Amino acid sequence: MRNLLTIERSVAGTTSTEVPDLPLSAIAWGGSEESLICTHGPSEVEAAVELKRVNKNGQSVPIASWDASPCPSPSLPCDRILVLHYFPDTSSTCVIFAAGNIVVVQEDPTPGVNKIEIVGSVDEGITAAAWSPDEEILAIATGASTFLLMTREFEPIADVILLPNDLNASKHVSVGWGKSETQFKGKRAKAMRDPTVPEKIDEGILSPHDDNGTRISWRGDGEYLALSSVEDSKRRVIRVYSRDGSLDSVSEPVDGLEGPLSWRPAGNLMAGIQRFPERLDVVFFERNGLRHGEFTLRIPMDKVSDERILELLWNHDSSGYHVAYHNLRVKWHSEKPLRLALGLAESIISYEFSWSVSAGSLRPPDDHGVLAVVDGATLKLTPLRVANIPPPMALKEVELKSTPVDVAISPTGRLIAVLRDKALDLIRWDFAKNKLVSGPTLTSNIMELDPGQYFRQISFADDETLGVVRDVKVGSILQVISIPNNGQAISKCTHEFQNGVTAVRLGGAPDHKSLFYQDSERKIYFYDTENKSAKYITQLPAICPWLEIAFYQEMAFGLSRDGRLYANSKPIASNCTSFAITPAHLIFTTTRHSVKFVHLHNNYQDLDIPGDDPSGDERCRSIERGARLVQVMPTRFALTLQMPRGNLETIYPRVLVLAGVRRSIEAKDYLPAFLACRNHRVDLNIIHDHAPRQFIERVELFIDQVKKIEYIDLFLSQLREEDVSRTMYRETLQSAEAPEPFKTADIIGSSKLKVNTICDAFLNILLPKRLSSNLQNIITAYVCKTPPDHDAALLLIGDLREKDLVLAEEAIQHVCFLSDVNKLYDNALGLYDLELTLMVAQQSQKVDIAYQGPFGYGANCIIGPREYLPFLQKLQEMETTRRKFTIDDHLNRPAKACARLHELGDEAFEEMKNYVVKHELYSVALGLYKYSPGKTGDHGLISRRRISVRISWRLLAGDPMLPSCWVVARSSLRRCPKLLTTVVDAGLAEGFSQTSELIAECKRQLKAQLDRIVELLAYFDGVTEEDAPDNVSLAPTNASTSASLFTRYTSGGAQTAMTGTTRRTFKNRRREERKRARGKKGSVYEEEYLVSSIGRMVEKLDSVRDETKKLLEGLVRRRMRERAIALQTLMEEVLANLEGCVQEVFEEAGEVVNPETGAEGGGKRVVPVIKKFDRVEIL
């Protein structure tokens, strides 16, 4: 999905100086990207040779010149240069001539070294030569059919004779069909033929256009080389030799194979040319000489016979190769894979290309994922949001008049501008609702271009403005073109680059309503097409062929060839392979086979780059090895990658999905958020947890937008107490990473569950207005509560049964689907509605009910209608109260059953007494008969005979009066019963009043002190001494205090003051101790005082535990049950609050400060243990 884009082009004129009109004969890179080495001559007129260095700016520096006459070979009209190679380590140039001379020229010779030296000569002449990639071995093919290998010092390594017997080195197996008479020629013979077997076997017939020349090409690692030559004027053969000169293999016969040969540096294939009458193919060979595929060159059939392919040249990284049609001198740079030099008659043109993805806008809602791929004169268009079609296919193809130079897509994706060498074309198409509503319509030649100028890049500023970069003799020019609705382009203005700099990269910034460009000095500018002015933005540390601008910030992101990614001048990654910019994220892939997402901020210094661990951060995700970014579609949360083998893969990263969900929630668009969570398996709790208050206030809006009953049910059924916005889907923006303030609610706990709050909010909306339309959702809301509110759901169904039986049956089916039918049966039975119970029972073939009672069924029996129908019929025949008692007893609800017996009156009193003893319901019975003392006395429910062991002796256990004092007191009470009322009851009331007041004061004090501690921790966390408020004292002290939020600022001062400790008087120490004891608000001692006060409170409550227990027992014995319950509840509440906060309070207090040194080291504060209150079980 990538196109070749020209990012730099320079033209340097070169002519011979000493001897006029010598032709340019060879070029080579001169050790850097800024200069080349070239030779002029020899020619038939002048046998002179000039060697010079030509810089990119056109300046030439002569190196040497010499006379090459006479030509050593009588078969040549004049000598010619076969190889020109520059050695940067020695600043020398090796020139190899066809006549056989090998000349070495020193650019800066040392004393005693000749500037020009003929280091060797081959009498038979040289037909081909090539240096190895490591510049250590020279391979030469001679006119005597021999092959030579020499070292860099021109010492021989091997001298090999090319023999006809070499063709037997590779014994290729013929897989033809054999003789004609042995072949099956039946009716179905053609259909049975193996398609992998060729119909015709090549014999190696020589092409009539073969130049009979010899070619040598090395493999990239220098271990093997290939030699292509004509054998006996009949067949062209490719021989493969190892580095030491031994023959490795020979190519199989190929008809029409011609001379050009190039071994791919990666090492897997060799490329050659095969000629057919109607076409020219580039064919590939493996090292063993076997064919390995081909493709056809785009040459018109009528011109095939006139075309001559002179050379094939792979570039350094094997990503492309050059096919030389004409007499051009071509040289790829040895280090920069896409830098190429072309030698013409009187000039050298150098190009630098980059692989570029011609993609549409990444800004919603125009992120249609449009991609444009150049395939010769065909432009292939694919909007990935409409159709994800991999190359080499495309959704639409547009035929152009010539091969495009560059392609640009407008911000809306509806216009595509095509820059050709002579004209500008425009393609229009349209989208609606993620569909292509009109195919691409081509308007050719909306502007004719000057053929004498080189236009190389194009970009949209907006849908009506284009920018085009063209090179002039010195520097570049930016031309702004307006595209009105009539389709004809109009030149609007031009901007000439200053000081002769050239444009490296041009792009559009629609949000800034301008173009941006990077020049050859690495500076980036915005160009305002309306004001016709350039604004400097930043300067990158390196030339970046890939450049993007953030949508809403003046922030430039550039990727250099060595994989360094920059944000303005800041390097943010050193292993980047591709990147893209969306309105919210910087997305880039790395050589560690991962894709990373960086949240964009207004300041590039604040960019937070995620680590390399994809398991712990949603901003990092593993991808396939070698995958590169092609397109990002934030609207679909999709990211498209291209694999090394060419196929496309679209993924939906969790960070993009969550960003879209959060964006929809904040915009109160709940339906897109819900669908995104549903489609991408995101926990639906985030719809509430991301903005809880907003959601609760807009539950009705959520219902109106989502609408579908099953969608609302899905949301309710997935609710749980976990806050997924803080656990699973924690926001990774820096602003969201700051901890929330410390709250009192976090210490004591929340009173209402999240799930119940949401379900109640839905019920408040649905019950009054939408009972009939959303009955299923109402039932789901009841059942999804924690715990499920089956009773409310069944009561609602019971009410519906009277109004609409069909609707009630549907509701019963739904609630049975969501719940355990057995438990639901018990709930319906517990409502004492036998008809409703029967409806629930009929929803299951088998009902698992635990029958216990007088009906004879064992526990956990699985019964059918024959069993539960008689049970319900017997219940129907009973009196109402007796039926309720039977149901409660059957459902193992003894407290309720006891109350039903109480309702039956005196006739069931004996049954009541037995039932209380059986189930130990003394507390319940005392509450029911609290106004009937006669029924709780010695002959009532709790007589000594019944509960003397269970209650009386338990109440007396541990009493300090026992055994002797209790006997005396008991005898006194028997003599004077009035003492129970006047003394005992009065003492119990006074004790209740005092104890209740003490515990209530502890509760009030605990709340006040906790609030103050929370306020201090939240306010002073991170405060420096300079920022401390005026009402807080930070004075040093040598008293023993805890290392609190105050003393953390004073420890240094305290250490300084320690030198004068011995000079302090006893009076001063006493003063400090008094201040510490008071714990004045805002002083340095306040926190220690508050913490110590809570510790003293724990001790005080521990001291009254036993007295409170005895008081509760006395209150129970004297039938003051309500007071006992209130006192016990108050005590348990205070202890529960203490247990919930004491751990955190004492941990925040930290270590005790040593009074002698002023530093931490006094030891940790001991966290007090809150013992559980030994409650009176009868209450």
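The values are calculated or read from the model by the stated rules, or taken from the named source; none is laboratory data. Just so we're clear, the structure is a prediction, and the values are computed from it rather than from any experiment. Ideal geometry is used to build each Cβ from the backbone, glycine not excepted, and the neighbour counts take in all protein chains shown. Heavy atoms of the whole protein, side chains included, go into the accessibility calculation; ligands, DNA and RNA do not. Shrake-Rupley method; radii C 1.70, N 1.55, O 1.52, S 1.80 Å.
Inspect all residues belonging to the range 631-642 and state whether any of them is of a type in the set (A, V, I, L, M), open to solvent by 10 Å² or more (accessible area, probe 1.4 Å) and in contact with a strand residue (DSSP E or B) (Cβ under 9 Å, 6 or more places away or on another chain).
Keep residues of the range 631-642 that are of a type in the set (A, V, I, L, M), which gives 632-633, 638-639, 641.
After this cut, where a residue has to be open to solvent by 10 Å² or more (accessible area, probe 1.4 Å) as well, the list is none.
No, the range 631-642 contains no residue that is of a type in the set (A, V, I, L, M), open to solvent by 10 Å² or more (accessible area, probe 1.4 Å) and in contact with a strand residue (DSSP E or B) (Cβ under 9 Å, 6 or more places away or on another chain).
Considering only residues that are of a type in the set (S, T, N, Q) and closer than 29 Å to Tyr454 by Cβ, which ones fall in the range 383-412?
Ser402, Thr403, Ser410
When you check Gly439 against the structure, is it surrounded by fewer than 18 Cβ atoms within 10 Å (Cβ to Cβ), assigned to a loop (DSSP other than H, G, I, E, B), at pLDDT below 90 and of a type in the set (Gly, Ala, Ser), yes or no?
Numbers: surrounded by fewer than 18 Cβ atoms within 10 Å (Cβ to Cβ): yes; assigned to a loop (DSSP other than H, G, I, E, B): no; at pLDDT below 90: yes; of a type in the set (Gly, Ala, Ser): yes.
Taking the combined requirement at face value, the residue does not satisfy it.
Among the residues of the range 1123-1162, what is the count of those that are modelled with pLDDT of 75 or more, within 18 Å of Gln1009 (Cα to Cα) and of a type in the set (Asp, Glu)?
Residues meeting the conditions: 2.
Within the range 61-97, which residues are among the small types (Gly, Ala, Ser) and in contact with a Cys (Cβ under 9 Å, 6 or more places away or on another chain)?
Here is the first cut: in the range 61-97, the ones among the small types (Gly, Ala, Ser) are 64-65, 68-69, 73, 75, 91-92.
Matches in the range 61-97: Ala68, Ser69.
In the range 486-501, which residues are part of a loop (DSSP other than H, G, I, E, B) and open to solvent by less than 30 Å² (accessible area, probe 1.4 Å)? Steps first, please.
We begin by selecting, within the range 486-501, every residue part of a loop (DSSP other than H, G, I, E, B); these are 486-489, 497, 501.
Within the range 486-501, Gly487, Ala489, Phe497, Val501 meet the criteria.
Checking the structure you have, find out if any residue of the range 502-516 is assigned to a loop (DSSP other than H, G, I, E, B), within 40 Å of the chain's Cα centre (by Cα) and modelled with pLDDT of 90 or more. Can you show your working first?
Just the residues of the range 502-516 that are assigned to a loop (DSSP other than H, G, I, E, B), to begin with: 502, 513.
Next, from what is left, pick out any that are within 40 Å of the chain's Cα centre (by Cα): 502, 513.
Right, trim to modelled with pLDDT of 90 or more and you get 502.
The answer is yes, given that some residue of the range 502-516 is assigned to a loop (DSSP other than H, G, I, E, B), within 40 Å of the chain's Cα centre (by Cα) and modelled with pLDDT of 90 or more.
Can you give me the ranges of the strands (runs of 3 or more DSSP E) entirely in the range 288-359 with at least 2 residues that are closer than 24 Å to Gly41 by Cβ? Before the answer, list the steps.
Values: elements: 291-296, 311-314, 321-324, 329-332, 339-343, 347-356.
The qualifying strands (runs of 3 or more DSSP E) are 311-314, 329-332, 339-343, 347-356.
Taking the options Ser750, Ser735, name whichever one is over 33 Å from the mean Cα position of the chain (by Cα), modelled with pLDDT under 90 and more than 15 Å from Asp669 (Cα to Cα).
Working: Ser735 fails: over 33 Å from the mean Cα position of the chain (by Cα).
Matching residue, one of Ser750, Ser735: Ser750.
Could you please let me know if Phe295 is exposed (fewer than 14 other Cβ atoms within 10 Å of the Cβ) and either over 21 Å from Leu163 (Cβ atoms) or among the β-branched types (Val, Ile, Thr) (or both)?
Numbers: exposed (fewer than 14 other Cβ atoms within 10 Å of the Cβ): yes; either over 21 Å from Leu163 (Cβ atoms) or among the β-branched types (Val, Ile, Thr) (or both): yes.
Yes: the conditions hold for Phe295.
If I go through the range 880-927 residue by residue, how many of them are of a type in the set (Lys, Arg), out of contact with any Phe, Trp or Tyr (no Cβ under 6 Å at 6 or more places or on another chain) and over 24 Å from Val1176 (Cα atoms)? Quick ask: steps written out before the conclusion?
Step one: list which residues in the range 880-927 are of a type in the set (Lys, Arg), which gives 882-884, 893, 896, 900, 913, 918.
From the residues that got through so far, the ones that are out of contact with any Phe, Trp or Tyr (no Cβ under 6 Å at 6 or more places or on another chain) too are 882-883, 893, 896, 913, 918.
Still in the list and also over 24 Å from Val1176 (Cα atoms): 882-883.
Here the count works out to 2.
If we keep just the residues of the range 1087-1145 that are in contact with a Leu (Cβ under 7 Å, 6 or more places away or on another chain) and among the small types (Gly, Ala, Ser), which is farthest from Asp985 (Cα to Cα)?
Ala1124
State yes or no: is Ser35 out of contact with any Gly (no Cβ under 9 Å at 6 or more places or on another chain), buried (at least 17 other Cβ atoms within 10 Å of the Cβ), closer than 29 Å to Glu352 by Cβ and of a type outside the set (A, V, I, L, M, F, W, C)?
Values: out of contact with any Gly (no Cβ under 9 Å at 6 or more places or on another chain): yes; buried (at least 17 other Cβ atoms within 10 Å of the Cβ): yes; closer than 29 Å to Glu352 by Cβ: yes; of a type outside the set (A, V, I, L, M, F, W, C): yes.
Yes, satisfied.
When the range 395-418 is examined, which residues are found to be within 28 Å of the chain's Cα centre (by Cα) and either within 12 Å of Leu371 (Cα to Cα) or surrounded by fewer than 18 Cβ atoms within 10 Å (Cβ to Cβ) (or both)? It would help to see each step written out before you state the result.
Taking the range 395-418 first, the residues within 28 Å of the chain's Cα centre (by Cα) are 409-413.
Once the filter is applied, which keeps residues that are within 28 Å of the chain's Cα centre (by Cα) and either within 12 Å of Leu371 (Cα to Cα) or surrounded by fewer than 18 Cβ atoms within 10 Å (Cβ to Cβ) (or both), the range 395-418 yields Ile409, Ser410, Gly413.
Based on this model, can you work out whether Asp606 counts as over 29 Å from Pro365 (Cβ atoms) and either without any contact (Cβ under 8 Å) to a residue 60 or more places away in the chain or over 11 Å from the mean Cα position of the chain (by Cα) (or both)? Show your work before the answer.
Numbers: over 29 Å from Pro365 (Cβ atoms): no; either without any contact (Cβ under 8 Å) to a residue 60 or more places away in the chain or over 11 Å from the mean Cα position of the chain (by Cα) (or both): yes.
Spelling it out, it is not the case that Asp606 is over 29 Å from Pro365 (Cβ atoms) and either without any contact (Cβ under 8 Å) to a residue 60 or more places away in the chain or over 11 Å from the mean Cα position of the chain (by Cα) (or both).
Return yes when Arg1096 is open to solvent by 10 Å² or more (accessible area, probe 1.4 Å) and in a helix (DSSP H, G or I) and no when it is not. Walk me through it before giving the result.
Numbers: open to solvent by 10 Å² or more (accessible area, probe 1.4 Å): yes; in a helix (DSSP H, G or I): yes.
Yes; evaluated as a whole, the condition is true for this residue.
List the pairs whose first member sits in the range 829-841 and is over 15 Å from Gln873 (Cβ atoms) and surrounded by 17 or more Cβ atoms within 10 Å (Cβ to Cβ), whose second member is modelled with pLDDT under 90 and among the acidic types (Asp, Glu), and whose Cβ atoms are under 7 Å apart, counting only residues at least 6 apart or on separate chains?
none
Which ones in the range 57-80 are under 60 Å from the mean Cα position of the chain (by Cα) and not in a loop (DSSP other than H, G, I, E, B)?
Hits for the range 57-80 are Ser60, Val61, Pro62, Ile63, Ala64.
Of everything in the range 588-600 that's surrounded by 17 or more Cβ atoms within 10 Å (Cβ to Cβ) and not hydrophobic (A, V, I, L, M, F, W, C), which residue is nearest to the chain's Cα centre (by Cα)? I'd like the intermediate steps shown before the answer.
The first filter runs over the range 588-600 and keeps only residues surrounded by 17 or more Cβ atoms within 10 Å (Cβ to Cβ), leaving 588-590, 594-600.
So of that shortlist, the ones also not hydrophobic (A, V, I, L, M, F, W, C) come out as 589-590, 594, 596, 599.
Working: Thr589: 11, Thr590: 13, Ser594: 9, Lys596: 6, His599: 11 Å.
The residue in question is Lys596.
If you scan the range 424-455, which residues turn out to be without any contact (Cβ under 8 Å) to a residue 12 or more places away in the chain and within 41 Å of the chain's Cα centre (by Cα)?
The answer is Ala432, Lys433, Val437, Ser438.
Can you name the number of the only condition in (1) buried (at least 18 other Cβ atoms within 10 Å of the Cβ); (2) at pLDDT below 95; (3) of a type outside the set (S, T, N, Q) that Lys535 fails?
Exception for Lys535: condition (1).
How many of the residues making up the range 290-322 are at pLDDT below 90, of a type in the set (Ser, Thr, Tyr) and touching a strand residue (DSSP E or B) at 6+ places or on another chain (Cβ under 8 Å)?
Counting residues in the range 290-322 that are at pLDDT below 90, of a type in the set (Ser, Thr, Tyr) and touching a strand residue (DSSP E or B) at 6+ places or on another chain (Cβ under 8 Å) gives 2.
How many residues, within the range 343-373, are touching a Leu at 6+ places or on another chain (Cβ under 8 Å), hydrophobic (A, V, I, L, M, F, W, C) and crowded, with 18+ Cβ neighbours inside 10 Å?
Selection size over the range 343-373: 8.
Just to be sure before I move on: is Glu1177 acidic (Asp, Glu), part of a loop (DSSP other than H, G, I, E, B) and either out of contact with any Asp or Glu (no Cβ under 8 Å at 6 or more places or on another chain) or at pLDDT 80 or above (or both) in the structure I sent?
On the way: acidic (Asp, Glu): yes; part of a loop (DSSP other than H, G, I, E, B): yes; either out of contact with any Asp or Glu (no Cβ under 8 Å at 6 or more places or on another chain) or at pLDDT 80 or above (or both): yes.
Yes: the conditions hold for Glu1177.
Scanning for something on the phi > 0 side of the Ramachandran plot, modelled with pLDDT of 90 or more and open to solvent by 30 Å² or more (accessible area, probe 1.4 Å), does the range 608-626 turn up at least one residue?
Here is the first cut: in the range 608-626, the ones on the phi > 0 side of the Ramachandran plot are 626.
Imposing the further condition that a residue be modelled with pLDDT of 90 or more reduces the set to 626.
From what is left, the residues that are open to solvent by 30 Å² or more (accessible area, probe 1.4 Å) are 626.
Looking for residues that are on the phi > 0 side of the Ramachandran plot, modelled with pLDDT of 90 or more and open to solvent by 30 Å² or more (accessible area, probe 1.4 Å), one finds at least one in the range 608-626, hence yes.
Select from the range 399-426 the residues that are under 17 Å from Leu4 (Cα atoms), charged (D, E, K, R) and in a loop (DSSP other than H, G, I, E, B) and list them in ascending order.
Arg420, Asp421
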